[in-house]
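S.K.: Take a look at this one; I'll ask things after.
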Amino acid sequence: MKLFLKSEMQKLESEGQRAGISLGEMMEQAGAQLARAAIEKWGQPRGPVILLCGKGNNGGDGFVCARELAAMGAECTVILPHGSPGTDLAAAAFNKLPPQVRVLGPGTKAETALTAAWLVVDCVFGFGFRGELDEVSARYLRLANGLPCHRLSADLPSGVECDTGRVSPDTFRADLTAAFSGAKPAHMSYPAREFCGEVRICPVGIPPELIQSAETSGEVTGPEHLKALLHPIDVQAHKGSRGRLLMVCGSWGMAGACIMAARAALRCGVGLLDIVCGERVYPILAGAVPEAIFTILDGNGDSERLFASLRASTACVLGCGLGGGQDALIRQVLGTCPSPMVVDADGLNFCARTGFDLSAIPAPHVITPHPGEASRLLGRSVTQIQAGRIPAALELAGLTGGTALLKGAATVIARPDGRFAINSTGNPGMAKGGSGDVLSGIMGAFLSQGAEPFEAARAAAYLHGLAGDRCRDRLSARSMLPTDLPLEFSEIFKDFERD
C-alpha cells in the first residue's frame, strides 16, 4: 500500500484537476465520504453531531459533511474555533449550509454545545499541519477527547504531522479516520497511528488509475514483499549455491543471541552457516547449532582465519550478543567485509561509543537499531526518536549510507535516497530480549541468498512480525518467546508456496 507525503498528495490532487476533477468536487466528495463513514460505523445519529471546522479546506470538508448529515435528519452544529472560513472553497461550502445547521464561533456557547455531543467530527486541520497546536485548537480538541462520544477525523486527526507521524499535545483522538484518496505515513507510524483509530481509505473522485500510477516515497510492507524473495529452489541446488552466511556474534554470557540468530537464518534456507567465536564459547554454540561450521579465534592467526571467512561469505551478521572487549574484531569486520552486512546490537554500540563512521563500511549494509541504539547514534533522547520515527530512520539511513531498520511497533525501514517502508506485522508479545537477534538472522539469510539490502530488510521485518502474530494467536502475547518464532517459518513458507 502506498503512503502519500503531503507534497505527493498535493501533486496527485493537481493531476486529478488536470483530469477534470475540480478541488470543489473533491471537497464535495470528501464531505460526503465523511458522513457516509459516520453512518456506516455508528448508524443513524442518536444525538447531537458537532463539527469542529478550521479556516482551511479541511473545514470545508466539514461543512459538506454537516450538510449531508443534516439532510439525513441529524442535529448538527458547526463550531468555528478560528472564525470564518479562510479559503474561497471553504467559504463556498460554508454558504451552502442549510438553516437547520447551527453555527457557533469560539466561546462558552460552543464549549457547552460540544459537551453534549454524540459524535464529534474533527475538521480543524488537514494533512498540512506542522508543529504545535495553537491554544484555541488545543482547548477544543482537549475537551472533545474527554467526552464519552464517538470521534471521527477528516483525513488526519488534528495535531498530527502527515509526513513524520509526530503529534502535538492535545491531538484529537479519533475512533475512525477517513483518509482521503490514500493513506498517509502518519496513518501507519507511531505515535500518530494511536490517534487515528480505525483508518478507512475514502475516494474523493481522483481517477483510480492516477492513484495506482502515482510515485510515493513510502509504502506499507505486505506479503508481496516477502513473496518476491521466496524463489523456487533450483532442483540442482547445493549448499554452496544457497548462500554462505558468516555470523560474528555471541560471547561468554550471551551465547543465546547468536544461537537465536543462527537458528532463524537456518530456518530461512541459508546453505552454509559459519560462526566466528572464541574457544570458550565454541562448545556452547556447537552443541546448540550442529548445522554450523565455526571459525574459532584462539589468539593465533586470528586475522588470517577471519579474513578468509569474510572473503568466503556471501553475507555477514555482526553484533548479536558480541559483548564488550571486542573492539578490534568489530573494527576489522566493519572495515574489510566485502559482502552485504547486517550491523546490530554491539556492532552499533561500538560505532556510537567510538564514533566509527558507518558510511565508511565498504559493503552494502543494513543497520538495525532499537530506539535506545538509535538515540546513541543520533545523539538524541529515546523520547525524541520515538516522537518522529520516520524522520529518525531516514536520518540514520542518510548517516550510514545504507539501509536503516528502526525496530519497534510499526518498524520503519529507510534508504538514503528517501524511500521508506513501514511494517504491518508484529505485536507487543515480541517485546522480549532475543526478538531482534531472530530478525538479524532472517535478514542475514536473505542477504546471503542475493536479496538487495532494503528488500531483505523489509521482507525480514514482515516475516518476523508475521511469525510473531502466529505465535500470539497460538501461545498468547504474554507467553510467547523469541525462540518460538523460527518454528513458525515452515508453515509460513508452505503457505506462500501454495499461493
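S.K.: Normalised by the residues of the stretch 417-485, what does the relative contact order come to in percent, with Cα pairs under 8 Å and at least six apart?
M.R.: Here the relative contact order equals 50 percent.
S.K.: Of all the accessible heavy-atom surface of the stretch 235-376, with the other protein chains kept in place and a 1.4 Å probe, what percent is carbon and sulfur?
M.R.: 52 percent
S.K.: Taking all protein chains in place and a 1.4 Å probe, what share, in percent, of the accessible surface of the stretch 10-153 do carbon and sulfur account for?
M.R.: Carbon and sulfur atoms account for 51 percent of the accessible area of the stretch 10-153.
S.K.: Still on this structure: Please report the antiparallel percentage of the DSSP beta bridges confined to the chain, to the nearest 5.
M.R.: Values: 9 of 60 bridges.
Here the antiparallel bridges make up roughly 15 percent for the chain.
S.K.: For the stretch 147-212, with every protein chain kept in place, what is the accessible area per residue (1.4 Å probe, Å²)?
M.R.: 31 Å²
S.K.: Can you count the Lys pairs in the chain with C-alpha separation below 16 Å, eight or more apart or on different chains?
M.R.: Close lysine pairs found across the chain: 7.
S.K.: Before anything else, pin down the relative contact order of the chain: Cα pairs under 8 Å, at least 6 apart, normalised by residue count, whole percent.
M.R.: Here the relative contact order equals 13 percent.
S.K.: Report the net charge of residues surrounding LEU485, where surrounding means a beta-carbon distance below 15 angstrom and charges are Lys +1, Arg +1, Asp -1, Glu -1.
M.R.: Values: positive: ARG263, ARG267, LYS407, LYS432, ARG470, ARG472, ARG474; negative: ASP437, ASP469, ASP473, ASP484, GLU488, GLU491.
Every neighbour counted, the sum reads +1.
S.K.: Here's a follow-up. Which residues' amide hydrogens lie under 5 Å from the amide hydrogen of GLY86, considering only partners 5 or more residues apart or on another chain, with H built in the peptide plane?
M.R.: Hits under the 5 Å cutoff: GLY56.
S.K.: Measure off, as a whole percent, the carbon and sulfur share of the 1.4 Å-probe accessible area of the stretch 417-499, all protein chains present.
M.R.: The value for the stretch 417-499 is 52 percent carbon and sulfur by accessible area.
S.K.: Something else now. Specify the inter-centroid distance of the stretch 255-270 and the stretch 377-445, based on alpha-carbon positions, in whole Å.
M.R.: If we compute the Cα centre of each part, the gap is 20 Å.
S.K.: For the stretch 1-128, with every protein chain kept in place, what is the accessible area per residue (1.4 Å probe, Å²)?
M.R.: In whole numbers, the stretch 1-128 has 42 Å² accessible per residue.
S.K.: Here's another thing I want to ask about it. In square angstrom, what is the accessible area per residue of the stretch 298-401 with a 1.4 angstrom probe?
M.R.: Per residue, the stretch 298-401 has 38 Å² of solvent-accessible surface.
S.K.: What does the charge count near ALA315 come to, summing +1 for each Lys or Arg and -1 for each Asp or Glu among other residues with Cβ under 14 Å from its Cβ?
M.R.: Net charge around ALA315: -1.
S.K.: So what's the back-of-envelope 222 nm ellipticity for the chain, counting only DSSP H runs of four-plus at -39500 (n - 2.57) apiece and dividing by all residues, rounded to 500?
M.R.: Rounded to the nearest 500, it is -13000 deg cm²/dmol.
S.K.: Pairs of alpha-carbon atoms within less than 8 angstrom and 6+ residues apart define the contacts here; what relative contact order does the stretch 282-409 have, in percent? Before the final figure, lay out each step's value.
M.R.: Values: 165 pairs, mean separation 24.6, N = 128.
This gives 19 percent for the stretch 282-409.
S.K.: Using 0.36 nm per residue, how much length does the chain from SER490 to SER213 gain when fully extended, once their Cα-Cα distance is taken away?
M.R.: 96.2 nm
S.K.: Ok, one more. Taking the Cβ of HIS82 as the center, what net charge do the other residues with Cβ under 13 Å away carry, scoring Lys and Arg +1 and Asp and Glu -1? Write out the running numbers ahead of the final one.
M.R.: Details: positive: LYS55, ARG139; negative: ASP134, GLU135.
Local charge sum for HIS82: 0.
The values are calculated or read from the model by the stated rules, or taken from the named source; none is laboratory data. Predicted model only: the values in this text are computed from it and were never measured. We place every Cβ from the backbone using ideal geometry, glycine too, and count neighbours over all the protein chains shown. Surface areas here come from the heavy atoms of the whole protein model, side chains and all, with no ligands, DNA or RNA. Shrake-Rupley method; radii C 1.70, N 1.55, O 1.52, S 1.80 Å.
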